[in-house]
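The values are calculated or read from the model by the stated rules, or taken from the named source; none is laboratory data. This one's a predicted model, so the numbers in the text were calculated from it and none came from an experiment. Backbone-built Cβ (ideal geometry, glycine too); neighbour counts: all protein chains shown. These area figures cover heavy atoms from the full protein model, side chains too; ligands, DNA and RNA do not enter into them. Shrake-Rupley method; radii C 1.70, N 1.55, O 1.52, S 1.80 Å.
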Amino acid sequence: MAGRIPQTFIDDLINRVDIVETIDSRVPLKKAGREYTACCPFHNEKTPSFTVSATKQFYHCFGCGAHGTVVGFLMEYDHLSFPEAIEDLARQTGLEIPYEAGSHTKADPARQKQSQDLYAILERADQFYQQQLRQHAQSQRAIDYLKQRGLSGQIAAEFGIGFAPPGWDGLILHMGNSEALQEQLVTTGMLIRKDEGRCYDRFRDRIMFPIRDQRGRCIGFGGRILPDAEESKNQASGAKKPAKYLNSPETPLFHKGRELYGLFEARRALRDIPRLLVVEGYMDVVALAEADIRYAVATLGTATTGDHLNRLFRLCNEVVFCFDGDRAGREAAWRALENVLPIMQDGRQIRFMFLPDGEDPDTQVKKIGKAAFETAIDAAQPFSEFFFARLKDPLNMTSLDGRAQLVSQARPLLSNLPDGVMKQMMQQQLDQLARLQAQNFSVPTPTQRRPPRSRTAVSRSQNAPPSLVRYILQRLLHQPALAQQAGDLSRFNLGDIPGLDLLLEVLEILQIHTTLKTSSLIERFRESEKASHLQKLAIWQPEVGDDASLAEEFVTALNKLEQMSLQQRHDALLAQSNLGQLSAEDENEYRELFQKLKQYK
Ligand SMILES: [Zn+2]
């Protein structure tokens, strides 16, 4: 039997979770002023009278009078006992419950008070750094840097940007020298204790970015080195190179794997969050905010975790990762993808955006402006596309080996996806990729001579089901009038699909000469090598042959062909865009393609 749950733990836990998040994941909340509302889950109503206060961490229904804390809510809503609700919350926050076996001792009041004190201390530190940015004799260097990066006073104030003065004891002197206080500053990661017991400031001569939890409380800091300090220290030979970015360490209040820089600020700035953009650094978040893109957040020196993502998906359905376009960026994107697989439930959309080489969100948004930057976000690669492109690109998909490798690499990853439509579709796409590419290869392109019959050729033609182009040609040759349903042919011709030239040639002839029969069509190719190929295809007979289903198969296959063609053009433009070679015209085309492709998904 599990023992008693210590009260201090319960206090810490309730302090740590956000009631808005917890309730919102069960009863979707709408922001209304400072509070959140919904139709009450505990009584029947048409207009919302159920309110949740983020500041008070309390819910209240004006209709039926239900009210309580996050624990009370879970007990009522999920029908849990008190210990069960606590266990549930602990799981949600990744905390382990320190059960006390059969003990009935009262919670240690000192301990209970401790976490309150830690928040208060960080709040004071936060105020101190902001004040130092305004007042310290050396803060002009920080101000100049922020100005040079295009930051306005308004955004700097909104994000609470501050300045940690140079020297070893700026914070210590400000906070006071008591032993107990120093101990707490060490606990919150603000001071570092040396072996001989003396303490010094962790953050020195840095621009300070307070990291806030969902309730807006400061739980840690990120500090960026000043550019002049960076240079001079780098030159000092033998000296340890200071980190450009320094974060608070893991503390009782701050857990890198859960927190996201800028999330509190985004929620405060936006009533409805349309999507969230995950970037790499604090400067990216504030620079995007400066450009009026208010939905950017940054992880804090870690890869994105499932916890991060779950948190983001409670606020919106779409998360876009923004990475540098270089190799390191693509590697980081892939790591993020691997981490998010297990939480890719249906309805959650994840996309990947790659910036041109050498750019970060900060420089890029300055260069191209808000509208173009948002267009690029719109055009980010869908999860499935990035997934398959990444696995497929290094492989030779025309070889059996390559396709086998694709399957063996993709299968274990896909098995991490939660069951659902998404997983099914990804698996179907894998099957299709493993097969389709094979058949494309087995259809000779018009300029290619069919290789002499060999063992491999025989086994391929026996095993491989017909390719898309071949499939279409078979139906077309069976019923040439179908050509009238093919519409504008240019839509198929954006990429490089093997066998396509012949298909288009046949379609074009049939669209012009509407009375041609199969035989007369093939006759037109008499002088060409294509004739024998067409003749073989013309042998095909539909299994159940009514005209309507034949026409339907034909049109469906053409749509698929169009999709492939659009996709290839899309991929080509994307590759160009990653090289930074997209003209305005290309960009329009890209956007159109993206919209069209969306219809297929
Ligand atoms: Zn109610």
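Round to a whole number: what % of the accessible area of the chain belongs to carbon and sulfur, probe 1.4 Å? The C+S portion of the solvent-accessible surface of the chain is 50 percent. Rounded to the nearest 20 debye, the dipole size of the chain about its Cα centre is 520 debye, using +1 on the Cβ of Lys and Arg and -1 on the Cβ of Asp and Glu. Each peptide in 467-475, 587-595 gets a packing score, the mean of other Cβ atoms within 10 Å over its residues, and the list from highest to lowest is 467-475, 587-595. For residue 228, put the label point 7 Å out on the Cα→Cβ axis and report which residues of region 128-151 keep their amide N under 12 Å from it. Answer for this model: 137-145. Over region 502-601, all Cα pairs binned in 5 Å intervals from 0 give whole-percent P(r) values of 2, 10, 14, 15, 14, 12, 11, 10, 8, 3, 0, listed from short to long.
Given +1 at the Cβ of Lys and Arg, -1 at the Cβ of Asp and Glu and no other charges, the dipole of region 512-581 around its Cα centre is 320 debye to the nearest 20. For region 466-523, the percent of C-alpha pairs falling in each 10 Å distance bin, counted from 0 to the bin holding the largest distance, reads 23, 59, 18, 0.
Note on residue 596: aspartates and glutamates with a C-alpha under 12 Å away, same-chain residues under 8 apart excluded, are 562. Using bins of 20 Å that start at zero, the share of Cα-Cα pairs per bin across the chain amounts to 16, 40, 28, 14, 3, 0, in whole %. Note on residue 560: aspartates and glutamates with a C-alpha under 13 Å away, same-chain residues under 8 apart excluded, are 552.
Extension gain for residue 95 to residue 512 (0.36 nm times residue separation, less C-alpha to C-alpha distance): 142.9 nm. With Rh defined as the Kirkwood radius, the inverse of the mean 1/r over Cα pairs, the Rg/Rh of region 561-601 is 0.98.
If packing is taken as the average count of other Cβ atoms within 10 Å, what order do 53-62, 390-399 fall into, highest mean first?
Order by mean packing, descending: 53-62, 390-399.
Give me the tail of P(r) for region 142-295 as a percent: Cα-Cα pairs with distance above 19 Å. Looking at region 142-295, the distances longer than 19 Å represent 58 percent of pairs.
Compactness of region 330-392 was expressed as the Cα radius of gyration divided by 2.2 N^0.38 Å, which yields 1.24. When the pairs 244/367; 147/367; 194/256; 423/598; 31/370; 30/56 are compared against a 22 Å limit on Cα-Cα distance, 244/367; 194/256; 31/370 fall above it. Normalised by the number of residues in region 264-310, what is the relative contact order in percent for Cα pairs under 8 Å and 6+ residues apart? Rounded, it is 38 percent for region 264-310. Per residue, how much accessible area does the chain have with a 1.4 Å probe, in Å²? With all protein chains present, the chain gives 49 Å² per residue. Name the residues whose placed amide hydrogens come within less than 5 Å of the amide hydrogen of residue 32, ignoring near sequence neighbours (fewer than 5 apart) on the same chain. Those lying under 5 Å, H to H, from residue 32 are 37. Put simply, the convex hull of the Cα atoms in region 311-442 casts, on average, a shadow of 9.1 nm².
What's the FRET efficiency of residue 427 with residue 345 using the Cβ-Cβ distance as r and R₀ = 22 Å, to the nearest 0.05? The pair residue 427/residue 345 has a calculated efficiency of 0.90.
Given an 8 Å cut-off on Cα distances and at least 6 residues of separation, report the relative contact order of region 522-601 as a percent.
23 percent
For the chain, the relative contact order is 8 percent, taking Cα pairs closer than 8 Å that sit 6 or more residues apart in sequence and dividing their mean separation by the residue count. Extending 7 Å from the Cα toward the beta-carbon at both residue 523 and residue 244 defines two label points whose distance is 7.3 nm.
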